[in-house]
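Read-outs: derived from the displayed coordinates by stated rules, not from any lab. Quantities reported herein were computed from a predicted structural model and do not represent experimental measurements. Here the Cβ is made from the backbone with ideal geometry for all residues, glycine too, and neighbour counts use every protein chain on show.
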Amino acid sequence: MRILIIGYGKMGKMIEQIAKERGHQIAGVVDINDSLESVSKEDVDVAIDFTIPSSIMNNIHTCLDKDIPLVVGTTGWYDNLPSIQERVEKENKSFFYSPNFAIGVYLFRQMNKYLAKMMDSYNNYTPSITEIHHIHKLDAPSGTAITIANELLQEYSWKKEWKLDAQEGDSEMKIVAIREGEEFGTHIVTYESQEDIIEIKHKAKSRRGLALGAVMAAEFLQGKRGFYTMKDLIQD
């Protein structure tokens with residue numbers, strides 16, 4: 001498979017390494033000073049984008065215009081996701097999105113949904129989410145934290161929305177975003193009462209899990225049309 005890498009930072013380089021390990025070719029690299037306009041569909045089987053929020057919408061629409069299957073790991077554009085999904089489905093394009101491609105994070109999300117169903121009956125426990133990432137991450141809270149929060153809210157009858165640094169005791173679920181050092185990514189879901197604390201945590205040891213999941217998503221997307229997420233990959 002010929003993979004186009006969009007964004008050649010630390011994640012892009014890790015994706016390149018894993019793609020080659022799995023027997024794929026790198027069709028090209030598009031970095032910050034390059035343009036997608038010169039890329040031809042005939043030379044690319046799938047593109048993987050890990051860039052920045054300010055460039056992602058242009059990258060998505062350019063790839064869709066060219067009918068290049070696209071895997072997106074860039075976060076910070078969650079509000080535009082419904083319109084992109086609508087275009088992909090209307091025009092029968094090939095698109096795979098996840099705020100986090102680590103298999104462990106997907107399993108972590110499933111555990112949290114199960115636990116939230118139980119905890120909804122115990123309103124003496126206040127749920128909250130803490131996410132920790134490296135100082136270079138531009139968006140806050142992380143796309144993973146937002147996804148977890150929205151999934152938890154679907155199970156809660158008395159929490160209505162998430163909010164960054166919300167006050168305890170109201171109808172909002174608090175997300176705390178911390179930026180420090182070169183942290184790869186930690187997400188903690190906490191249920192706290194006056195008597196005790198319950199926590200469930202996922203901590204990334206490196207970027208490899210994210211890159212591996214993204215390459216697996218690219219492999220999954222080959223030959224398919226439609227809008228896909230990690231649920232489709234894991235349960236395929």
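How far is helix 208-221 tilted, in degrees, relative to the longest principal axis of the Cα atoms in the chain, given as a value from 0 to 90 rounded to the nearest 10? So the helix axis and the longest Cα principal axis differ by about 60 degrees. Summed over qualifying helices (DSSP H, 4 residues or more, each -39500 (n - 2.57)) and divided by its residue number, the chain shows a 222 nm mean residue ellipticity of -11000 deg cm²/dmol.
Computed over the chain with a Gaussian network model linking Cα atoms closer than 10 Å, the most mobile of GLU151, GLU182, GLU16 is GLU182.
Do you know the relative contact order of the chain, to the nearest whole percent, from alpha carbon pairs under 8 angstrom that are 6+ apart?
Details: 434 pairs, mean separation 52.5, N = 236.
Over the chain, the number comes to 22 percent.
Mind giving me the FRET efficiency for GLU192 and ASP67? R0 is 30 Å, r the Cβ-Cβ distance, nearest 0.05 is fine.
Details: r = 49 Å, r/R0 = 1.64.
Efficiency, from the Cβ-Cβ distance: 0.05.
Label reach from MET1 (point 7 Å along Cα→C-beta): in segment 40-82, amide nitrogens under 14 Å belong to 44-49, 69-73.
With the simple model of a label 7 Å out from the Cα in the direction of the Cβ, GLN235 to GLU21 spans 2.9 nm.
The computed percent of Cα pairs over 31 Å apart for the structure shown corresponds, within (i) 25; (ii) 17; (iii) 43, to (i). A simple spin-label model places the labels of ASN150 and SER38 3.6 nm from each other, with each point 7 Å out along Cα-to-Cβ. Put one equal scatterer on each alpha carbon of segment 103-203, apply the Debye formula with no solvent term, and list log10 I(q)/I(0) at q = 0.14, 0.15, 0.24 1/Å to two decimals. Each listed q corresponds, in turn, to -0.49, -0.56, -1.36.
Kindly put VAL44, VAL29 in sequence by how many other C-beta atoms sit within 10 Å of each C-beta, fewest to most.
On the way: VAL44 19, VAL29 15.
With the fewest neighbours first, VAL44, VAL29 line up as VAL29, VAL44.
Applying 0.36 nm per residue to the separation of LYS137 and LEU107 and subtracting their alpha-carbon distance, the gain on full extension is 8.5 nm.
Tell me, GLU183, GLU172 in order of fewest to most beta-carbon neighbours within 10 Å? Mind dumping the intermediate values first?
On the way: GLU183 16, GLU172 19.
Ascending number of Cβ neighbours within 10 Å: GLU183, GLU172.
Among THR186, THR126, a tally of other beta-carbon atoms within 10 Å of each Cβ gives an order, fewest to most, of THR186, THR126. Karplus-based coupling profile of segment 155-160, in residue order and whole Hz: 9, 9, 8, 10, 10, 9, with θ = phi - 60° in 6.51 cos²θ - 1.76 cosθ + 1.60 and x standing for Gly or Pro. Comparing PRO141, PRO127, PRO82 in a Gaussian network model of the chain where C-alpha atoms under 10 Å apart are linked, the largest mean-square fluctuation is found at PRO82. Taking every DSSP beta bridge that has both ends in the chain, the antiparallel portion is near 35%. Amide H to amide H, with H built 1.01 Å from N, ASP170 comes under 5 Å of no residue 5 or more places away or on another chain.
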